[in-house]
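S.K.: One structure, pasted below without further comment.
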Amino acid sequence: VLEQGLAVADATGGGLWLVDPDTARVTLLRCAGCTPDAEERLRRVPLTGEAPAARCLRDLRPVWLERGDALEGMKKPAPSSACLPLVADGRALGALVFAFSVPHGFDEDERAFLQLVAHHAAQALSRARLLEREQRARAALREAHQTLEAIIQASPAAIMLLDPDGTVRLWNPAAERMLGWTAEEVTGKVLPAVPPEHWDAFRHSLERATRGTVLDGAHLAGRRRDGSAVQLAVWTGRVHPANGPPQCLSMMVDITERQRGEAAQRFLAEAGGVLAGSLEEEETLERVAHLAVPAYAETCGVFLEDESGGVRCVATAGGGEPGEVPPPGLAVVMRVIQSGRPETRSGLSDGDPTSARAGGTFAYLCVPLQVRGHTLGALTFVTSKRAYDAQDLALAQELARRAALALDNASLYRDARQAIRLREEFLSIASHELKTPISALVLQVQSLMAGLARSGAQFDPERLRRGLERVDRQVKRQTLLVNDLLDVSRLSAGKLELVLVPLELGALVREVAERFEPEFARSGTPLELSLAPEVRGQWDRLRLDQVLTNLMSNALKYGRGNPVRVELDVVEGRARLRVKDGGIGIAREHLPRLFHRFERAVSERNYGGFGLGLWIARQIVEAMGGYIEVDSVLGEGSTFRVELPHG
Ligand code: ADP
């Protein structure tokens, strides 16, 4: 139509100006009668002021120029021209200018005709404008729609449009990823992600949203298509389509992992507090076992390696018979302790996930308890309710790390207390042991001196000899005790120096036995020797004497007067010395610690002794490349065995 308008303008040698109805700016489209120069000039200079076209546009009335001069810039002289406004709906869309080369007036018919032309041109232009605007609006709408669609498609949050009764009308790809159903599967159906127990509450929230309340920050425990649980943060608001009832726009974000992470952090923080609550080993073990039940496991077991390398279940939580080893069993636990690496069965195998204890299917985690580069044992977690994943494993390992630290602290604390107890006991014994002989010694010497003062030269030499013998025994005993004490500090500082000389062990044993003879005789303890000949080696004479002295004095002290037998032979190239007694024996639980410093298996009240002799003996024997061991049955007697490299 615009083309038609231009054609009219061209045909009449006139021009066509258009008015932008929005900005009211007037632009020249074409002026057929103009020279190109003039047209260009007119194009840039808007019609203003008293120009005929401007006037007709301003007044919305035709301007007839019947006797004027030729318009400036026209190709031909155009003394007659007409400017007609193109008016539609009372607004000027443009103006048509007809220029005539011959001066003449416009009669009624001509005016009516030109006005009719202008009227039709205005109608056509208006329609064209309307059409154009409609097309533009449609294009803009299309574009807006596409943008919106792209946003919905790309959104990481699930976006859904729901009817107030929960029927799904829109379902974006994020919703599909989050919940598992495709748009085709859910559109037109009631939202399946809401479990029945939450359905009423959810419907209620949709109704509230429909009434205009924006529901922000709601949490929904939903379920996915595969049945797994999903935690959702939900925003719901009302949208009101132009033609249709109001709908609910729901946006959902999956916060399952975030919530798990937060719960795990809370759990670990709580566990830290619980573990720090006690330094008692047994209580700590119980606490460790109970930490993860029931939040993360149905059953939890704590396993520790004992000193002999065996593995024991020391605490359990979550039922089961006392003493019963919880699943997955000792074999798995031992593998984990040996390798230091966790083992897991993450999934529940097919079939009914009945209770693990009833032998049904279950998932488990077994993680090592490690501290200071050492594996103390392992923790097991078992459940028949769900599968374990990497996050569960990481949590179990972190819990095990903290538990191991707590157990280590508890055992260090126990050792420290034990050491302090031993030291205190040692101090009380040491002061007693050192003081008693000195008192006796002082009495002995005073009585001898008093006797001498009284009797002078007549003092009975036999009494003097016996008195001096007693003094000598006390002094020797005292010297031994003091030497032991000196040895302790020397050995603790690692300053044991050996003087190795060629030695025949049988001769040394005989020598020590001879020294002990009077004491054995006094207590009525028979002493038997069975010594292989020529057992030779490079050994420290004084130190071996000390070891033998210690073993024989122990046999005498704890032997209850039963025969003591010392045997010497050579076994597999090693000199073997055994000191056997039939005395009080040693309880099993004391055996492992007997060779430790200050350790004693008897009460200080019944037997004196520092608890140092065996420790010193072990240091000496080991320094010479040998070892010392004991076999003992409580109440029946003990056999101490020393083996030394021979030759
Ligand atoms: P002590 O000076 O206390 O005898 P030892 O180190 O020689 O120290 O011995 C440590 C502990 O070992 C003793 O306190 C005692 O309980 C036990 N013991 C050592 N020898 C024997 C033995 N022949 N029979 C029974 N118990 C023994």
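The values are calculated or read from the model by the stated rules, or taken from the named source; none is laboratory data. Computed from a predicted structure; not experimentally measured. Note that each Cβ is placed from the backbone with ideal geometry, even for glycine, and that neighbours are counted across all protein chains shown.
S.K.: Exactly one of these conditions fails for THR383: (1) at positive phi; (2) modelled with pLDDT of 85 or more. Give me its number.
M.R.: THR383 satisfies all of (1) at positive phi; (2) modelled with pLDDT of 85 or more except (1).
S.K.: If we scan segment 282-290, do we find a residue that is assigned by TED's automatic domain parsing to the domain that holds LEU379 and at pLDDT 85 or above? Before you say what the answer is, go through the steps one by one.
M.R.: Quick first cut of segment 282-290, residues assigned by TED's automatic domain parsing to the domain that holds LEU379 only: 282-290.
So of that shortlist, the ones also at pLDDT 85 or above come out as 290.
Among the residues of segment 282-290, at least one is assigned by TED's automatic domain parsing to the domain that holds LEU379 and at pLDDT 85 or above, which makes the answer yes.
S.K.: Within segment 363-421, which residues are β-branched (Val, Ile, Thr) and within 23 Å of ALA229 (Cβ to Cβ)? Don't jump to the end; show me each part of the working.
M.R.: We begin by selecting, within segment 363-421, every residue β-branched (Val, Ile, Thr); these are 367, 371, 375, 380, 382-383, 420.
Of everything in segment 363-421, those that are β-branched (Val, Ile, Thr) and within 23 Å of ALA229 (Cβ to Cβ) turn out to be VAL382, THR383.
S.K.: Filter segment 444-489 down to residues that are surrounded by fewer than 10 Cβ atoms within 10 Å (Cβ to Cβ) and under 28 Å from LEU548 (Cα atoms), then give me how many there are.
M.R.: 1
S.K.: Let me ask something else about it. Applying the selection to segment 218-238, what residues are more than 27 Å from the chain's Cα centre (by Cα), assigned to a strand (DSSP E or B) and not hydroxyl-bearing (Ser, Thr, Tyr)?
M.R.: Correct list: ALA218, VAL234, TRP235, GLY237, ARG238.
S.K.: Criterion first (over 21 Å from ARG238 (Cα atoms), modelled with pLDDT of 95 or more and not β-branched (Val, Ile, Thr)) does GLU110 satisfy it?
M.R.: No: the conditions fail for GLU110.
S.K.: Still on this model: Collect the residues in segment 157-181 that are without any contact (Cβ under 8 Å) to a residue 60 or more places away in the chain and outside any helix (DSSP H, G or I), keeping them in residue-number order.
M.R.: ASP165, GLY166, THR167, VAL168, LEU170, TRP171, ASN172, GLY180, TRP181 - these are the residues of segment 157-181 that are without any contact (Cβ under 8 Å) to a residue 60 or more places away in the chain and outside any helix (DSSP H, G or I).
S.K.: Let me ask something additional. Within segment 460-477, can you find the residues that are in contact with a Leu (Cβ under 7 Å, 6 or more places away or on another chain) and at pLDDT below 85?
M.R.: GLN474, the sole residue that qualifies.
Every residue, every condition in (1) in contact with a helix residue (DSSP H, G or I) (Cβ under 6 Å, 6 or more places away or on another chain); (2) loosely packed, with under 12 Cβ neighbours inside 10 Å, yes or no:
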| position | (1), (2) |
| --- | --- |
| MET160 | yes, no |
| VAL214 | no, yes |
| HIS240 | no, yes |
| ALA263 | no, no |
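S.K.: Can you find a residue that is of a type in the set (D, E, K, R), surrounded by 11 or more Cβ atoms within 10 Å (Cβ to Cβ) and closer than 30 Å to ARG91 by Cα anywhere in segment 122-129?
M.R.: For segment 122-129, residues of a type in the set (D, E, K, R), surrounded by 11 or more Cβ atoms within 10 Å (Cβ to Cβ) and closer than 30 Å to ARG91 by Cα: present.
For every residue, the table says whether it meets (1) closer than 27 Å to VAL293 by Cβ; (2) touching a Leu at 6+ places or on another chain (Cβ under 9 Å); (3) without any contact (Cβ under 8 Å) to a residue 12 or more places away in the chain.
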| residue | (1), (2), (3) |
| --- | --- |
| LEU369 | yes, yes, no |
| GLY377 | yes, yes, no |
| PHE381 | yes, yes, no |
| ALA400 | yes, yes, no |
| LEU441 | no, no, no |
| GLN458 | no, no, yes |
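S.K.: Which number in (1) touching a helix residue (DSSP H, G or I) at 6+ places or on another chain (Cβ under 6 Å); (2) in a helix (DSSP H, G or I) marks the one condition that ARG111 misses?
M.R.: Unmet for ARG111, out of (1) touching a helix residue (DSSP H, G or I) at 6+ places or on another chain (Cβ under 6 Å); (2) in a helix (DSSP H, G or I): (1).
S.K.: Do we have GLU534 as away from the ligand (no atom under 14 Å from the Cβ) and over 24 Å from LYS476 (Cα atoms) here?
M.R.: Yes: the conditions hold for GLU534.
S.K.: Checking the condition within 15 Å of the ligand (Cβ to nearest atom) and part of a loop (DSSP other than H, G, I, E, B), which residue from GLY583, GLY625 passes?
M.R.: Testing whether each residue is within 15 Å of the ligand (Cβ to nearest atom) and part of a loop (DSSP other than H, G, I, E, B) leaves just GLY583.
S.K.: Sort out which residues of segment 630-647 are under 16 Å from ARG576 (Cβ atoms) and loosely packed, with under 14 Cβ neighbours inside 10 Å, and write them in order of number.
M.R.: PRO645, GLY647 - these are the residues of segment 630-647 that are under 16 Å from ARG576 (Cβ atoms) and loosely packed, with under 14 Cβ neighbours inside 10 Å.
S.K.: Quick one: is ALA601 modelled with pLDDT of 85 or more, among the hydrophobic types (A, V, I, L, M, F, W, C) and either on the phi > 0 side of the Ramachandran plot or within 49 Å of the chain's Cα centre (by Cα) (or both)?
M.R.: For ALA601, the condition - modelled with pLDDT of 85 or more, among the hydrophobic types (A, V, I, L, M, F, W, C) and either on the phi > 0 side of the Ramachandran plot or within 49 Å of the chain's Cα centre (by Cα) (or both) - is not met.
S.K.: Every residue in segment 145-156 that is closer than 13 Å to MET252 by Cα and either assigned to a helix (DSSP H, G or I) or polar (S, T, N, Q) (or both), please.
M.R.: ILE152, SER155 - these are the residues of segment 145-156 that are closer than 13 Å to MET252 by Cα and either assigned to a helix (DSSP H, G or I) or polar (S, T, N, Q) (or both).
S.K.: Output the residues belonging to segment 565-579 that are more than 9 Å from the ligand (Cβ to nearest atom) and either closer than 14 Å to PHE640 by Cβ or part of a strand (DSSP E or B) (or both).
M.R.: ARG565, VAL566, GLU567, LEU568, ASP569, VAL570, VAL571, ARG574, ALA575, ARG576, LEU577, ARG578
S.K.: Starting from residues that are touching a helix residue (DSSP H, G or I) at 6+ places or on another chain (Cβ under 7 Å) and among the hydroxyl-bearing types (Ser, Thr, Tyr), keep the ones in segment 519-547 and report whichever is modelled with the highest pLDDT.
M.R.: It comes out as THR525.
S.K.: Hey, another quick one. Does segment 420-452 hold any residues that are of a type in the set (A, V, I, L, M) and away from the ligand (no atom under 16 Å from the Cβ), and which are they?
M.R.: Correct list: ILE420, ILE438, ALA440, LEU441, VAL442, LEU443, VAL445, LEU448, MET449, ALA450, LEU452.
S.K.: Only residues that are outside any strand (DSSP E or B) and more than 12 Å from the ligand (Cβ to nearest atom): list them for segment 628-647, please.
M.R.: HIS646, GLY647
Results for (1) over 21 Å from GLY625 (Cβ atoms); (2) of a type in the set (Gly, Ala, Ser); (3) away from the ligand (no atom under 12 Å from the Cβ); (4) buried (at least 16 other Cβ atoms within 10 Å of the Cβ), shown as yes or no for each residue.
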{"residue": "PHE516", "(1), (2), (3), (4)": "yes, no, yes, yes"}
{"residue": "SER523", "(1), (2), (3), (4)": "yes, yes, yes, no"}
{"residue": "LEU529", "(1), (2), (3), (4)": "yes, no, yes, no"}
{"residue": "TRP539", "(1), (2), (3), (4)": "no, no, yes, yes"}
{"residue": "LYS557", "(1), (2), (3), (4)": "yes, no, no, yes"}
{"residue": "ALA587", "(1), (2), (3), (4)": "yes, yes, no, no"}
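S.K.: Okay, next question. Looking at this structure, is GLY494 in the same structural domain as GLY611 (by TED's automatic domain parsing), exposed (fewer than 12 other Cβ atoms within 10 Å of the Cβ) and touching a residue at least 12 places away in the same chain (Cβ under 8 Å)?
M.R.: On the way: in the same structural domain as GLY611 (by TED's automatic domain parsing): yes; exposed (fewer than 12 other Cβ atoms within 10 Å of the Cβ): yes; touching a residue at least 12 places away in the same chain (Cβ under 8 Å): no.
Against the criterion (in the same structural domain as GLY611 (by TED's automatic domain parsing), exposed (fewer than 12 other Cβ atoms within 10 Å of the Cβ) and touching a residue at least 12 places away in the same chain (Cβ under 8 Å)), GLY494 does not qualify.
S.K.: Would you check which residues across segment 373-397 are within 28 Å of GLU307 (Cβ to Cβ) and assigned to a helix (DSSP H, G or I) and list them?
M.R.: Matches in segment 373-397: ALA396, GLN397.
S.K.: Among the residues of segment 166-180 satisfying the criterion of being touching a helix residue (DSSP H, G or I) at 6+ places or on another chain (Cβ under 7 Å) and closer than 9 Å to VAL190 by Cα, which is modelled with the lowest pLDDT?
M.R.: Step one: filter segment 166-180 for residues touching a helix residue (DSSP H, G or I) at 6+ places or on another chain (Cβ under 7 Å), giving 166, 168, 171-173, 176.
When the remaining residues are screened for being closer than 9 Å to VAL190 by Cα, the result is 166, 168.
Working: GLY166: 91, VAL168: 95.
Among those that are touching a helix residue (DSSP H, G or I) at 6+ places or on another chain (Cβ under 7 Å) and closer than 9 Å to VAL190 by Cα, it is GLY166.
S.K.: Please tell me if ALA507 is farther than 26 Å from ALA430 by Cα and not in a strand (DSSP E or B). Steps first, please.
M.R.: On the way: farther than 26 Å from ALA430 by Cα: yes; not in a strand (DSSP E or B): yes.
Spelling it out, ALA507 is indeed farther than 26 Å from ALA430 by Cα and not in a strand (DSSP E or B).
S.K.: Residue check: is ASN550 touching a residue at least 40 places away in the same chain (Cβ under 8 Å) and either touching an Asp or Glu at 6+ places or on another chain (Cβ under 8 Å) or away from the ligand (no atom under 12 Å from the Cβ) (or both)?
M.R.: Taking the combined requirement at face value, the residue does not satisfy it.
S.K.: Shifting gears a bit: Please count how many residues of segment 306-327 are modelled with pLDDT under 80 and under 23 Å from ARG386 (Cα atoms).
M.R.: 5
S.K.: Out of the residues in segment 604-622 that are within 9 Å of the ligand (Cβ to nearest atom) and over 28 Å from ASP540 (Cβ atoms), which is modelled with the lowest pLDDT?
M.R.: GLU604
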